[in-house]
1. Where in the range 169-254 are the strands (runs of 3 or more DSSP E), entirely inside, with at least 1 residues that are more than 16 Å from ligand 2 (Cβ to nearest atom) and within 20 Å of Pro17 (Cα to Cα)?
2. Among the residues of the range 172-187, write down those that are under 18 Å from Asp216 (Cα atoms) and crowded, with 20+ Cβ neighbours inside 10 Å.
3. Mind listing whichever residues of the range 365-378 are touching an Asp or Glu at 6+ places or on another chain (Cβ under 7 Å) and either under 12 Å from Gly403 (Cα atoms) or within 16 Å of ligand 2 (Cβ to nearest atom) (or both)?
4. Checking Ile78 against (1) under 23 Å from the mean Cα position of the chain (by Cα); (2) open to solvent by 10 Å² or more (accessible area, probe 1.4 Å), which test does it fail?
5. For the condition surrounded by 23 or more Cβ atoms within 10 Å (Cβ to Cβ), touching a residue at least 12 places away in the same chain (Cβ under 8 Å), farther than 18 Å from Gln167 by Cβ and in the same structural domain as Leu173 (by TED's automatic domain parsing), what is the one hit in Phe219, Phe207?
6. Show the residue pairs that are 6+ apart or on different chains and have beta-carbon atoms under 8 Å apart, the first residue being within the range 164-175 and of a type in the set (A, V, I, L, M), the second being within 11 Å of ligand 2 (Cβ to nearest atom).
7. Taking the range 160-199 on its own, how many of its residues are among the aromatic types (Phe, Trp, Tyr) and within 12 Å of ligand 1 (Cβ to nearest atom)?
8. Please report, ordered by residue number, the strands (runs of 3 or more DSSP E) entirely within the range 265-370 with at least 2 residues that are in contact with a His (Cβ under 7 Å, 6 or more places away or on another chain), more than 16 Å from ligand 1 (Cβ to nearest atom) and open to solvent by less than 10 Å² (accessible area, probe 1.4 Å).
Amino acid sequence: MIEIQPVSELAATVSVPGSKSITQRALIAAALAAGRSTLIEPLVSEDTDYSSAALRAMGVSLTTEPDRWTIDGTGGAICAPGQPVFLGNNGTATRFLTSVAALAQGECIIDGDERMRQRPIAPLLEALRGWGVAVESMQGNGCPPLRLQANGLSGGRTVLPEGRSSQYLSSLLLVAPFAREQAELEVQGEILSKPYVAMTLSVMADFGIAVEVAPDFSFFRVPQGVYRARDYRIEGDASNASYFWAAAAIAGGRVTVTNVPVLSIQGDIMLVPLLGRMGCTVTQTGNGITLERSGGLEGVSVDMGNMPDVVPTLAVVAAFAEGETEISNIAHLRIKECDRLHAVVTELGKIGVRVDEYPDKMVVHGRGGRGLRGAEIETYNDHRMAMSMALAGLRVPGVRITGETCVKKSFPDFWQRFALLH
Ligand SMILES: O=C(O)C1=C[C@@H](OP(=O)(O)O)[C@@H](O)[C@H](O)C1
Ligand SMILES: C=C(OP(=O)(O)O)C(=O)O
């Protein structure tokens, strides 16, 4: 357990580790490319360790130095792993590597931890079947573990049924160039977390595959081909930078994050203007993006369907604003590392914040941070619960974070960097 010490008038400059989402996409593109790629400043964490180990088990050669990974691409010739591939609670890798495994020949089992075994994947399996892949949920509940009798992708047209994760769509796109016939993908229903799909297309283009796409993302045509190996620099993680910008919003003063570009391909960068709307000042200099707060904060009403991972960050900031903050279109938070919508409502409640919970939204009743109290916070083995709830402790004495090692999923040295704020 960690007790957070209050602080005020911050004046800090920090950097954050590489983007989890970009690292995992670039790793797959490099693994499927022809030739040698180097990833510069990738994220080194539990999730990317799972991804790397799984790709090695599928025949990819990967050597790691702290700030640089070298990958000898397979050109799409993926081997069936001899043993079940275990991916912990890494949703991104579980969804993406299921499709990568489909490129092999033979049986593959994909599995995860207890929580991952509750996180759905059925829409992806159905779309893969449309490309001729024999794959089943072994418990018949539409979740891992999965068994594939892999034999490559036939290609042609398939349909992705409506689901609550954009990762299904990104997964299909990443492997589509390797189909035996040009692949087309029709997408049903509303696409949540859309910027992650745009990020997938961006990384694919960077590795030489340009996808034809309908403006509303309802249809994709993917050219056949092999990714082009290259050196690739990974941006700092915008979701993990959110805790440092939010720290300035909550404690006052200013915080600069040096390594997330303004023109980031990560949708979570949009949290910065949102904090601006609540009353912070945003400046961009050669040294990074600075967020500063000197006056009060005001509640906002916002659809966060496109930036689910920074909902807990914003909800904690909202507790220190005056008035209501309504965060809508977030039903997909219920299938993350924990039921994150319910978890945020429950844990903010423990420190005295009233939050109303609805099936797909929450309303935080901010009182400028007045009347809040310290409490022992449960984190449900969810890194984002730990990092966001710690922010409350910057203003409220006695906030204690239990299970704090869960940050290793995406940000192993979070607590050391967080301590730099003091
Ligand atoms: O594609 C990605 O890298 C991710 C997509 C998002 O998930 P959903 O599409 O399931 O919302 C996000 O929550 C996750 O942390 C990373
Ligand atoms: C939802 C997340 O990750 P994943 O889906 O990859 O487990 C996250 O990092 O917040």
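1. Qualifying strands (runs of 3 or more DSSP E): 231-233.
2. Residues satisfying the conditions are Leu172, Leu173, Leu185, Val187.
3. Ile377, Glu378
4. The single condition Ile78 does not satisfy is (1).
5. Values: Phe219 fails: surrounded by 23 or more Cβ atoms within 10 Å (Cβ to Cβ).
Step by step, each of Phe219, Phe207 is checked, and only Phe207 is surrounded by 23 or more Cβ atoms within 10 Å (Cβ to Cβ), touching a residue at least 12 places away in the same chain (Cβ under 8 Å), farther than 18 Å from Gln167 by Cβ and in the same structural domain as Leu173 (by TED's automatic domain parsing).
6. Leu174/Phe96
7. Keep residues of the range 160-199 that are among the aromatic types (Phe, Trp, Tyr), which gives 168, 178, 196.
Cutting the leftovers down to within 12 Å of ligand 1 (Cβ to nearest atom) gives us 168, 196.
Final tally of qualifying residues: 2.
8. none
The values are calculated or read from the model by the stated rules, or taken from the named source; none is laboratory data. These numbers were taken from a predicted model, which means no experiment stands behind them. Note: ideal-geometry Cβ built from the backbone for every residue, glycine included; neighbour counts use all protein chains shown. Note: areas computed on protein heavy atoms with side chains; ligands, DNA, RNA excluded. Shrake-Rupley method; radii C 1.70, N 1.55, O 1.52, S 1.80 Å.
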